[in-house]
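Note sheet for the following structure.
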Amino acid sequence: MMTDPIADLLTRIQNALRRGHGTVTVPASKLKMEVLRVLKAEGFINQYEREQGEGHPSLKIQLRYVGEGQSVITGIRRVSRPGKRVYVGRRNLTKVLNGMGLSIVSTSKGLMTDQESRHAGLGGEVLCQIW
């Protein structure tokens, strides 16, 4: 039984990048699709699509590389976990690597980046950081 599906998604992406895979498949959920929507909008992945195979639906993610096997994502860190939730106010949202990375924040208006959250004046739960 999986207790943290977002950590599972991030770990599968990170492992696929380390092995140089072009795609990775993960079990589908609405929250994972929203995380992937933010990653695609920010240019960290090429594409994702929902697939209905035998049994449960899955998400096929096309990873993005630049140059000779150099991935766009160099690091991923899960911030808020089921055992320790991390909530921040709009004034306490910190920049990841001085703006080179981003945080994905779950707000009352949906998932958004830390920059969008600051602009909208919203705080929320910091799910992860990506750079």
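The values are calculated or read from the model by the stated rules, or taken from the named source; none is laboratory data. Computed from a predicted structure; not experimentally measured. We place every Cβ from the backbone using ideal geometry, glycine too, and count neighbours over all the protein chains shown.
Points to keep in mind about this one:
- Filter result (in contact (Cβ under 8 Å) with a residue 12 or more places away in the chain and either in a strand (DSSP E or B) or within 22 Å of residue 102 (Cα to Cα) (or both)) within the stretch 15-28: 16, 17, 23, 24, 25, 26, 27
- Set side by side, the residues 84, 60 differ, and just one is closer than 17 Å to residue 10 by Cβ, of a type outside the set (Gly, Ala, Ser) and in the same structural domain as residue 30 (by TED's automatic domain parsing), which is 60.
- Single residue of 45, 104 found to be aliphatic (A, V, I, L, M), free of Cβ contacts under 8 Å to residues at least 40 places away in the same chain, surrounded by 17 or more Cβ atoms within 10 Å (Cβ to Cβ) and within 24 Å of residue 19 (Cβ to Cβ): 45
- Qualifying position, being surrounded by fewer than 19 Cβ atoms within 10 Å (Cβ to Cβ) and more than 25 Å from residue 2 (Cβ to Cβ), among 50, 37, 78, 64: 64
- A Cβ distance below 8 Å, combined with a sequence gap of six or more or placement on separate chains, defines the contacts here; from the stretch 66-84, residues that are on the phi > 0 side of the Ramachandran plot reach residues that are outside any strand (DSSP E or B) and modelled with pLDDT of 90 or more in the pairs 69/20.
- Residue list for the stretch 64-91, filter: within 18 Å of residue 24 (Cα to Cα), in a strand (DSSP E or B) and touching a strand residue (DSSP E or B) at 6+ places or on another chain (Cβ under 6 Å): 65, 71, 76
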